[in-house]
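Heads up, the thing below is written out as structure tokens.
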Amino acid sequence: MQIISVINYKGGVGKTTVTANLAGELAFREKKVLLLDMDAQASLTFSFVTPDYWKEKLEEEKTIKNWFDRITDGTDAGPLSDLVIRPSKVNTFLSQKGSSGVVDIVSSHLGLINVDLELAILLGGANMTQVKKNYIKVHGKLRTAIQDVVATNDYDVVLIDCPPNFNIVTKNALIASDKILIPAKPDYLSTLGIDYLCKNVRTLVSDFNEYALDSDTNEIKPNLLGVVFTMIQIYRGRPIAAQRQYIAQTRRLAERFEVLVMENNFRENKSIFADAPQNGMPVVLNAYSNNTHTDVVAEIKKFVDEFSGITGI
């Protein structure tokens with residue numbers, strides 16, 4: 001079992017598209033997948049459940065925000081398993097296709113953006129020893145909770161859709177993770193963020209492990225799995241010239257941080273990818289409607305082949 005965070009500092013890079021389609025294809029391949037939507041925009045949540053269902057069934061008590069709220073209130077946060085739902089449409093499809101795989105999800109909440117300030121209050125202390133203990137306690141909460149839910153539900157993989165920032169909620173996700181996947185558009189702002197992300201992850205790991213030495217907490221070792229390019233514009237079977245420039249630039253940057261740039265990517269197709277959340281199904285599981293759709297699905301499957309080969313999932 002592996003826990004993988006999907007993150008980029010830049011929003012709008014197709015992070016949720018990558019996460020949803022990776023989950024759908026892995027489940028089709030008989031894997032048991034748990035999704036955690038940690039982004040306040042809740043795009044991953046609304047890729048599998050309707051806003052009406054979320055408002056009626058989940059908003060008040062069954063989101064990751066509710067779990068963090070209980071932490072800041074000083075009450076028992078309870079197990080993550082209490083928040084897990086199994087979206088009916090995608091899982092009915094998987095069952096009908098004869099797959100034993102499942103996609104479960106812990107949904108997000110638009111109010112999650114305010115949780116960080118409340119968590120920050122818990123980081124103080126009367127002395128450095130207490131500060132270190134509080135740091136480990138606050139930043140390591142999700143790590144422990146995921147380990148507990150995995151132990152009781154036998155998931156093959158946990159995918160965490162992170163917000164495009166480096167706040168305490170994001171740090172909880174990264175500290176809980178075995179690997180980090182970075183979706184990026186081949187443009188200036190998206191690739192620039194990779195440099196900062198790699199540096200900040202290394203600082204986070206160093207700080208957490210230094211504080212962990214003074215407690216009974218195990219060290220963390222999240223690996224930077226790689227960069228997957230999204231929103232690729234194809235011309236004559238390959239990315240357009242402007243995008244090839246940034247892809248090459250990212251490969252040079254990735255070598256410096258010993259990060260893989262994946263060979264397979266996600267092409268840009270606003271109509272196909274934009275319609276998918278309304279249907280509650282990832283593109284990779286939708287019926288082929290035309291040759292372009294077929295090509296898009298084939299490319300996603302190749303990406304998942306590469307991902308599985310690297311991770312062993």
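The values are calculated or read from the model by the stated rules, or taken from the named source; none is laboratory data. Here the structure is a predicted model, which is why all the values come from computation and not from measurement. Note that we place each Cβ from the backbone using ideal geometry, even for glycine, and neighbour counts take in every protein chain shown.
Details
- So residue 296, is it assigned to a loop (DSSP other than H, G, I, E, B) and over 24 Å from residue 104 (Cβ atoms): no
- Answer residue from segment 253-299, given it is buried (at least 17 other Cβ atoms within 10 Å of the Cβ) and of a type in the set (Gly, Ala, Ser) and is modelled with the lowest pLDDT among those: 276
- The residues listed here are 196, 211, 246; of these, the one that is in a helix (DSSP H, G or I), of a type outside the set (Asp, Glu) and touching a Ser or Thr at 6+ places or on another chain (Cβ under 6 Å) is 246.
- Residues of segment 99-120 satisfying the condition of being within 18 Å of residue 50 (Cα to Cα), of a type in the set (Gly, Ala, Ser) and in a helix (DSSP H, G or I): 111
- Filter pass, residue 223 being within 21 Å of residue 4 (Cα to Cα), without any contact (Cβ under 8 Å) to a residue 60 or more places away in the chain and out of contact with any Pro (no Cβ under 9 Å at 6 or more places or on another chain): yes
- Qualifying residue in segment 207-225 (condition: of a type in the set (Val, Ile, Thr) and surrounded by 21 or more Cβ atoms within 10 Å (Cβ to Cβ)): no
- Taking the criterion of being part of a loop (DSSP other than H, G, I, E, B) and farther than 19 Å from residue 189 by Cα, the residues of segment 217-243 that qualify are 217, 218, 219, 220, 221, 222, 236, 237.
- Selected residue (criterion: farthest from residue 118 (Cα to Cα)) from residues of segment 156-197 that are surrounded by fewer than 21 Cβ atoms within 10 Å (Cβ to Cβ), in contact with a strand residue (DSSP E or B) (Cβ under 6 Å, 6 or more places away or on another chain) and not basic (Lys, Arg): 156
- Within segment 11-31, none of the residues are closer than 23 Å to residue 143 by Cα and among the aromatic types (Phe, Trp, Tyr).
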